[in-house]
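> Let me begin by handing over the structure; questions about it come next.
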Amino acid sequence: MPGPECKWSAETGAPCGTDDSSGCLAPVFVYGTLKTGQPNHRVLLDGAHGRAAFRGRARTLEPYPLVIAGEHNIPWLLNLPGRGHRVAGEVYEVDGRMLRFLDEFEDCPDMYQRTRLRVALEGARAPLECFVYTTATYPPEWVHLPYLDDYDSQGKHGLRYNPRENR
């Protein structure tokens, strides 16, 4: 069951009332290692980081380039709307504590930047605006890598993700 409607702060882009007592939940779209069945999904399930409730599968409304890059074969959603594919992922409603944890986990704003995009949520009539971790700071050659529409760490691409604990 979705939480109370969340208002966005024009100043910070964060949901208002993220003091963990407001009950405000922010939708977050995950497309990579945080998805169900992927190596980092467990962090969304760990209540010590806050609360995350699965809301459904979704696809970005606009195409984006989803690439696998870097020495650890990390999935990256390049902040280049209009290029690539409509990317598949999952939407979670998270509380303020989990959102702050995800910012740290995703090394935001250095590695990824938390931005907003609209997704088509399965079974929903209207698009949903979600937070997502994208990057606008990447080597120029990444634009020429193959674009995926659905990330799987064990996919046919053959680029095995190197989990944090092995680095």
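The values are calculated or read from the model by the stated rules, or taken from the named source; none is laboratory data. All figures in this text were calculated on a predicted structure; none of them were measured in a lab. Neighbour counts are summed over all protein chains in view; Cβ atoms, including those assigned to glycine, are modelled from backbone coordinates with ideal geometry. Calculation scope for accessible area: heavy atoms of the full protein, side chains included, ligands and nucleic acids excluded. Shrake-Rupley method; radii C 1.70, N 1.55, O 1.52, S 1.80 Å.
> Between a first residue in the stretch 54-68 that is in a strand (DSSP E or B) and a second residue that is surrounded by fewer than 17 Cβ atoms within 10 Å (Cβ to Cβ) and of a type in the set (S, T, N, Q), which pairs have beta carbons less than 9 Å apart while being 6 or more apart in sequence or on different chains?
Qualifying pairs under 9 Å: F54/T36.
> For the stretch 127-162, how many residues are within 20 Å of P81 (Cα to Cα) and small (G, A, S)? Steps first, answer last, please.
Filtering the stretch 127-162 for residues within 20 Å of P81 (Cα to Cα) gives 127-151.
With small (G, A, S) added as a condition, the list becomes 136.
Number of matching residues: 1.
> Of all residues being in contact with a Leu (Cβ under 9 Å, 6 or more places away or on another chain) and within 17 Å of G82 (Cα to Cα) in the stretch 116-126, which is surrounded by the most Cβ atoms within 10 Å (Cβ to Cβ)? Just the residue, please.
The residue in question is V119.
> Hey, another quick one. Given R100, R160, R86, which one is open to solvent by 50 Å² or more (accessible area, probe 1.4 Å), of a type in the set (D, E, K, R) and in contact with an Asp or Glu (Cβ under 9 Å, 6 or more places away or on another chain)?
Working: R100 fails: in contact with an Asp or Glu (Cβ under 9 Å, 6 or more places away or on another chain); R160 fails: in contact with an Asp or Glu (Cβ under 9 Å, 6 or more places away or on another chain).
Step by step, each of R100, R160, R86 is checked, and only R86 is open to solvent by 50 Å² or more (accessible area, probe 1.4 Å), of a type in the set (D, E, K, R) and in contact with an Asp or Glu (Cβ under 9 Å, 6 or more places away or on another chain).
> Now for a different question. In the stretch 129-167, what residues are at pLDDT 95 or above, within 16 Å of the chain's Cα centre (by Cα) and among the hydrophobic types (A, V, I, L, M, F, W, C)?
If the condition is that a residue be at pLDDT 95 or above, within 16 Å of the chain's Cα centre (by Cα) and among the hydrophobic types (A, V, I, L, M, F, W, C), then C130, F131, V132, L148 are the ones that fit.
> Let me ask you something else. Could you list, in sequence order, all residues of the stretch 100-150 that are touching a Cys at 6+ places or on another chain (Cβ under 6 Å) and over 16 Å from K35 (Cα atoms)?
Just the residues of the stretch 100-150 that are touching a Cys at 6+ places or on another chain (Cβ under 6 Å), to begin with: 114, 119.
Correct list: R114 only.
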